[in-house]
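Since the structure comes first, as structure tokens, the remarks are kept for the end.
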Amino acid sequence: MNKSTLFFLLSLAIKLVYGQEETPDITVNSQFWTDFNGRKEFSETKSASGFVGYRTINPHAYDKFVAYGSYDILHTKSPEFMKLKKPLINSFHLGSGLYYTDNKNDDNLFEFRLSQGLKFYIPSIKQLPLMSFVRIEERFQKTFDGSSWNASMRFRYKVSTVIEWKKRLFSFNKGMYIPINVEFFYSFKEADRDNDVIRISPGVGYKFSDEWKAEFYVSYHYTRNATETQDGSNDFVFRLRIYKANKVKKPPKINTKEEDVKELIE
């Protein structure tokens, strides 16, 4: 074997080995998300909620670890001059979150996030409640490569509903239901990574009791700046969510079906 042939084979071997270290193409990908959600009620109008979660992607470009919490205030009264039976704004929310991305072929990424938002119901068919969730988020990202913090801000709007799997005359105590939500994002200033554009999330849920429920979603997401080298990605996300609520005991009601159905909406 002459020297030129040997050099060619060595070069090819090195290219094959180090080529595996390049960031995989995630322009079209599948992801699996799972999270445990908790809620603690302090009174009938004040509570805290949040979740811890794990997310991964195929091709296996990264693993992501998430922790998010919010302080929630239920709005129960409208201004007297409006003379409304129920307030326009259902609740107010102040939140913060930590997001750590373990990149397999790139520097790891840490994000700290603040959010302020409110929820309200859109006048709709009585049996199909539509909840809007409006949020402003401030995002602070740090890549572990010696670079400085990157600050950005964005607007989020999500509309959600649930459809009963089986019609009930009175309270929705337990059983199957269909959660559906669509979320839109608008960045006033884009972050270096992970700028969401839209999420479409149909799913199926089951309420085990007043405290426990679970939901499974098959979603489509479109994201800009998915990695340092890829401008956007089409994400097909499978998400399992487990919920546990610690509620304040309330006086029994004769018919709480409407409120029970609304409580299923996140």
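Mind listing whichever residues of region 1-56 are among the aliphatic types (A, V, I, L, M) and at pLDDT 85 or above? Ile26, Val28, Ala48, Val52 - these are the residues of region 1-56 that are among the aliphatic types (A, V, I, L, M) and at pLDDT 85 or above.
A search for C-beta distances below 6 Å between a residue of region 242-253 that is surrounded by 11 or more Cβ atoms within 10 Å (Cβ to Cβ) and outside any loop (DSSP other than H, G, I, E, B) and any residue that is basic (Lys, Arg) and modelled with pLDDT of 80 or more, counting only pairs 6+ apart in sequence or on different chains, returns Tyr243/Lys213; Ala245/Arg39; Asn246/Lys40. Within region 57-87, if we keep just the residues that are hydrophobic (A, V, I, L, M, F, W, C) and at pLDDT below 85, the residue that is surrounded by the most Cβ atoms within 10 Å (Cβ to Cβ) turns out to be Leu84.
Checking each residue of region 133-156 against the condition of being hydroxyl-bearing (Ser, Thr, Tyr) and under 17 Å from the mean Cα position of the chain (by Cα) gives no match.
Looking only at residues that are polar (S, T, N, Q) and outside any strand (DSSP E or B) in region 136-191, which one is modelled with the highest pLDDT? Give the derivation first.
In the first step, residues of region 136-191 are kept if they are polar (S, T, N, Q); the result is 141, 143, 147-148, 150, 152, 160-161, 171, 173, 181, 187.
Narrowing the set further to residues that are outside any strand (DSSP E or B) leaves 147-148, 171, 173.
On the way: Ser147: 85, Ser148: 91, Ser171: 76, Asn173: 80.
It comes out as Ser148.
The values are calculated or read from the model by the stated rules, or taken from the named source; none is laboratory data. Note that the structure is predicted; figures quoted are calculated from it, not measured. Counting neighbours? That spans all protein chains shown, and the Cβs are built from the backbone with ideal geometry, glycine included.
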